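What follows is a set of notes on a single structure, which appears directly below.
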Amino acid sequence: MFWADKVAQQIIDSGNYRPFWVDDMKTPSGRVHVGSMLGVVFHDLVYKALKDKGQDVQYTYVFENHDPMDDIPSYLPREKFEKYLGMPLFAIPSPVEGYKDFPTYYASEFEEAFNAIGCQPKILWTKDLYTSGKMNDAIRTVLNNAEGIRQIYKEMYKKEMASDWYPFQVYCESCGKVSTTRVYNWDGEYVYYRCPVDATEWTKGCGHDGKTSPFSDEKGIKGKLPWKVEWPAKWQAIGVTIEGAGKDHMSRGGSHDLAKLVCSRVLNYPVPFPVSYEFMLIGGKKMSSSKGRGFAASDMLEILPPELVRFLIVKMNPQQQTNFDPDGDTIPRLFDEYQDYAEHYFSEQKDDEARIFEMSQIGEPKRPLKVRFSTLAQWVQMPNMQQKIKDEGLSEWAKYARIWVDRFAPESDKFTVSEEFPEGISTLSSEQRAFLAEVSELLTTQTDPEELQKAIYEKSKEMNISSKEAFSAIYLALLNKSHGPKAGWLLLSLDKEFVQKRFTFSKDQITSSKKGMNITLIKDTSLITVAEEVGQQVPSLSVGIAVIKGVEIKDRDEQLEKEKEEFLHKLQGLTTEQINAMPEVISYRKIYKEMGIDWHSRRPSPEALLRRIALHKGLYSVNTCVDAYNLVVMDHKVSVGAFDLDKIALPTELRFAVSGEKIHLLGDDQETHYKDNEIAYFDQVGGYNIDLNYRDSVRTAVTTSTKKLYINVEGVYDIHPELVEKVLRETCEKIIKYCGGKIETFGLILAS
């Protein structure tokens, strides 16, 4: 029996936990990661299992919008939000216009995500629980039993609480902070508190000393209970009878154990039935909302359809830690499992697989596509297959197949039909060339891909060529690689005349395919070198270098501001989904992953700039140099760095950092330690940027006093050297347009 059905039956058979009221909660302190979706779905499964058994049951979800901001998400500007540290979230403005406040913005994004996968709990806000007066009875009871709470803390944590410690946190009437206040007395009507300046290490109090009623009403909220005491108080205020949490709260000695003691000794409220579950890891790492680590819940809906996101969670064992790594074949296997589980359901098998499929549905159960995801991933890479995909009703899944190919597929599963004669043709034997000529003849009679596939096999036998040699000849001639998708499908997806011309070629055409790239190379090692180990590990890396002397950089230029506004207008409607699918962004993410860097927390510079536009945050304004080249970065999605040449000790080197090396990044108060395997630029003093052109150092920053510029542009994987040179040239032109100066050095260096 499926675990949620067992739990539902256990709850019913107990004769307790009535009326059935399921609840879950989350503090929206930043983008809510997909791990938090587990709680929503697992509670939703119990709720629906009870409903399926004919029970009357409610399901609510509480957003904790009154908790204090105790950290600033890594993706938000610290200088803008630091002043709000210690304040309740509802008092902090939204990072994006159009939302009531900070928690409303992030909660709305999360709610939209879990609604999309079929979870529709009634939403409650903790601030409203307080201002409605529903928490006041619990507040009075807790304050009157402060000594009992102190004793519980002592038993749980072997720590003596001060005799003047009271389990209540006031919103300071002077500075508005809650993290810094300390209640030291309660007289039955008022709490007396202080807001010490040195209350915490991460934000300062104001020194205010005052008293206030702890009871909130519609006129405002006065304060809050500490979270571990507040949790059971909310159960009582709402009427919750079924609620659990992740293992960090549910393990022995955790928050839930303390909440149970508060229920039994202080509030006299029955402990709700616990729905406990393990963590979900992304790529083997635990997720954190405030640190920007891991997939946001909304990000999952960019890479998987809603029913597959739900299926991913429903099929999990709540008591086993689960790791979801979208790289490799994880996503194709997930689609395959979904199709297999569907067969259990539609063939009316009464097993867990059928029930899991049923519980994964959003609305009425629908039989999924029969085409395997791996096949669809091949089709989306084939020219002229879009109409077939549309005609067979495959467009929805094809969208996700395209995303998988672009972002997560191994290189072995990717292919592109070469428009020019590929270099791989030169490696073919005379027998293979003769075989290709015969295959081109097959195209005049074969129109069915499966029949063509069989005919190719038969032709290879007839010509005494191994199937491996035969098919590698096809793939080398079309894809410049020795393997690929089913040849029959690939060939019939292409223009017949194009294939026939490609398969009947001369030696002159082979020679012309080996022409070199038309780029300007720099060979002066006194300026820059690329470490040999970088070239070996990342042979596709190319770096464009330019030196511009005699620049005059200003804080602002009206014509440049106008160009920035025009650029913003051009990108109206840009979405994060579109950014995620850009091959240049994918290339940078890939090299970040290979360096061991989480690109969710360190977005490559083109992606970071474009996301600001997609999220309606506008463009940065630094100075005429930086603002000018940022336009080029966003236009081509290729990263650019500019540095004060007078502050660089030549020669520079692009190399792997060594653990222990440090860099003082622009905008940071403290130095950042490099990790082993991070690729960065170094001069004779030290590093002057990190993770290629992710962020630059304070030491070499371009300012209005800079007269000489040292510029670099780098490309990797799908960002080819020709594009790097184009971006470097446009960068120089744009800078000279607004800053003047003259180019003295220009060219590329190839890592390989």
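The values are calculated or read from the model by the stated rules, or taken from the named source; none is laboratory data. Worth saying up front: this structure is predicted, and the values here are computed from it rather than measured. So basically every Cβ, Gly included, is an ideal-geometry build from the backbone, and we count neighbours across all protein chains shown. Side chains are part of the model used for accessible areas, which takes the heavy atoms of the whole protein and leaves out ligands, DNA and RNA. Shrake-Rupley method; radii C 1.70, N 1.55, O 1.52, S 1.80 Å.
Criterion applied to A608, A614 was being farther than 17 Å from N689 by Cα, open to solvent by 10 Å² or more (accessible area, probe 1.4 Å) and within 27 Å of the chain's Cα centre (by Cα), and the one residue passing it is A614. Apart from one condition, P93 fits all of (1) surrounded by fewer than 17 Cβ atoms within 10 Å (Cβ to Cβ); (2) in contact with a helix residue (DSSP H, G or I) (Cβ under 7 Å, 6 or more places away or on another chain); (3) in a helix (DSSP H, G or I); the exception is (3). Take the conditions (1) of a type in the set (V, I, T); (2) outside any helix (DSSP H, G or I); (3) touching a helix residue (DSSP H, G or I) at 6+ places or on another chain (Cβ under 9 Å); V658 misses just one of them, which is (3). Scanning the stretch 653-673 for residues that are closer than 19 Å to I591 by Cβ and in contact (Cβ under 8 Å) with a residue 40 or more places away in the chain yields E653, L654, R655, F656. Residues that are open to solvent by 40 Å² or more (accessible area, probe 1.4 Å), in contact (Cβ under 8 Å) with a residue 40 or more places away in the chain and hydrophobic (A, V, I, L, M, F, W, C) do occur in the stretch 559-568, at least one of them.
Can you tell me which residue in the stretch 450-503 is farthest from the chain's Cα centre (by Cα), limited to those that are open to solvent by less than 10 Å² (accessible area, probe 1.4 Å) and among the hydroxyl-bearing types (S, T, Y)? Restricting to residues being open to solvent by less than 10 Å² (accessible area, probe 1.4 Å) and among the hydroxyl-bearing types (S, T, Y), the top hit is S460.
Does at least one position in the stretch 183-205 carry a residue that is modelled with pLDDT of 95 or more, outside any loop (DSSP other than H, G, I, E, B) and under 30 Å from D44 (Cα atoms)? Scanning the stretch 183-205, I find no residue that is modelled with pLDDT of 95 or more, outside any loop (DSSP other than H, G, I, E, B) and under 30 Å from D44 (Cα atoms), so the answer is no.
In the stretch 571-582, the residue that is farthest from the chain's Cα centre (by Cα) out of those that are farther than 21 Å from L76 by Cβ and either at pLDDT 85 or above or crowded, with 21+ Cβ neighbours inside 10 Å (or both) is L571. Residue count for the stretch 639-661 satisfying the condition of being within 28 Å of the chain's Cα centre (by Cα) and hydroxyl-bearing (S, T, Y): 2. Taking the stated definitions as given, is D257 of a type in the set (D, E), in a helix (DSSP H, G or I), within 24 Å of E230 (Cβ to Cβ) and modelled with pLDDT of 80 or more? Considered against the rule, which asks whether it is of a type in the set (D, E), in a helix (DSSP H, G or I), within 24 Å of E230 (Cβ to Cβ) and modelled with pLDDT of 80 or more, D257 comes out as yes. Report yes if D696 is in contact (Cβ under 8 Å) with a residue 24 or more places away in the chain and not in a helix (DSSP H, G or I), otherwise no. Taking the combined requirement at face value, the residue satisfies it.
Of all residues in the stretch 300-340, those satisfying the criterion of being farther than 25 Å from K590 by Cα and β-branched (V, I, T) are I313, V314. Annotation: of all residues in the stretch 206-237 being open to solvent by 20 Å² or more (accessible area, probe 1.4 Å) and assigned to a helix (DSSP H, G or I), the one that is farthest from V271 (Cα to Cα) is W227.
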